[in-house]
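Asker: Please see the structure below; I have some questions.
The values are calculated or read from the model by the stated rules, or taken from the named source; none is laboratory data. Everything numeric in this text was worked out from a predicted model, so none of it was measured. All Cβ positions, glycine included, derive from the backbone under ideal geometry; neighbour counts span all protein chains shown. In case anyone asks, the SASA skips ligands and DNA or RNA and just uses the protein heavy atoms, side chains included. Shrake-Rupley method; radii C 1.70, N 1.55, O 1.52, S 1.80 Å.
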Amino acid sequence: MKKPNCFIVGAPRSGTTALYSYLKTHPQIYMSDFKEPSYFSDDFSPQFRKCTTEETYLENFSGLGEHHTVVGEATVYYLYSKTAIPNIKTFNSDAKLIALFRDPAEVLYSLHSYFIYELFIDKKDFMTAWNSQAARRQGDSPAKRYTEPPFLHYREVASFGEQLQRAYAHFPPRQVKVIFYEDLSHDPGAVYADVLRFLGVPHDGRQHFPVVNAIKRHRVDLLGRALHNMPASLTRSATAVKKALGLNTLWVGRLARKVDTDASRPAAMPEDIRQMIIAELRPDIELLEKLTARDLSRWKM
């Protein structure tokens, strides 16, 4: 079968899910059956990676046809991983990488909210989580479920200049498409067309670019925990019922999640927190400016 030749490699909370969903409907592009296979980031523990063997990884492209000239996937922590990019190069040296970047303060504040929603962490105060980074490095991690403790090292996660520099050590810039979140947000149609040109496929006429994967919060913490931590026996029973009835989902669970989920715009990041993050990451932002020739002065304000 054709090897995957297109990888959306990061960064988290920067529009990767939206771009993945847009590309997934293009008739000449086959994006993986599910997002985040994490196969190439073998420096992370197996409990995080959905695919740990090449066989299971390639099964993620079950509908691949001869008409698909681009075969892709999206794993947002490939850039952050120390091994994923060199592993991709070994797997397919002709591959093209797509990296999306966003103001690191916005990324971290959004990522923190995402971790809370997914119940990966208990600490709801951002500064408490930020100040816990040193303890996490020593193994005192509040990580839960499937979150790898390094993902809670917020500073390293948002060091995009360092990550892109590492990627350029393995792939030449002509094989790496850099996209900035503000461009995708402002004019997704133009960014989409530019990505198609980079991938060498014709435009498919897409005109609609919905917002995907917006930040969500639990209205009721207790209900949220119950929905995220269903007993295995109940999960198996629900799966059996859906299979017997020929359903993709049970309306009870969907309704419960709808009632519990608050998708309203979150409160703005406090200015003092923003300034603290930017002060910490300013040298890395300047490195990203140099690598991309992009004026990122707005990020440093």
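Asker: Among 182-188, 11-17, how do they line up from the highest to the lowest mean number of other beta-carbon atoms within 10 Å?
Answerer: Working: 182-188: 15.4, 11-17: 23.6.
Going from most to least packed, we get 11-17, 182-188.
Asker: Further, regarding this structure: Report Tyr39's accessible area, 1.4 Å probe, all protein chains in place, as a number in Å² to the nearest 10.
Answerer: Per-residue accessible area (Tyr39): approximately 40 Å².
Asker: Amide H of Ile179: which non-local residues (sequence gap of 5 or more, or other chain) have their own amide H closer than 5 Å, using H built in the peptide plane?
Answerer: Placed amide hydrogens put Ala99, Leu100, Phe101 under 5 Å from Ile179.
Asker: From the square roots a ≥ b ≥ c of the eigenvalues of the alpha-carbon gyration tensor of the range 3-137, which class results: rounded (a/c under 1.5), prolate (a/b over b/c), or oblate?
Answerer: Working: a/c = 2.19, a/b = 1.77, b/c = 1.24.
Prolate is the answer for the range 3-137, as a/c is 1.5 or above and a/b outweighs b/c.
Asker: Among Lys3/Lys50; Lys24/Lys290; Lys82/Lys124, which pairs are too far apart, with a Cα-Cα distance over 25 Å? Show your work: numbers first, answer last.
Answerer: On the way: Lys3/Lys50 18 Å; Lys24/Lys290 32 Å; Lys82/Lys124 29 Å.
Result: Lys24/Lys290; Lys82/Lys124 exceed 25 Å.
Asker: Report the charge-dipole magnitude of the range 1-105 in Debye, nearest 20, computed about the Cα centre from +1 at each Lys and Arg Cβ and -1 at each Asp and Glu Cβ. Provide the component values of the computation, followed by the final result.
Answerer: Numbers: 11 positive and 11 negative charges, 60 e Å.
Using only the charged Cβ atoms, the result is roughly 280 debye.
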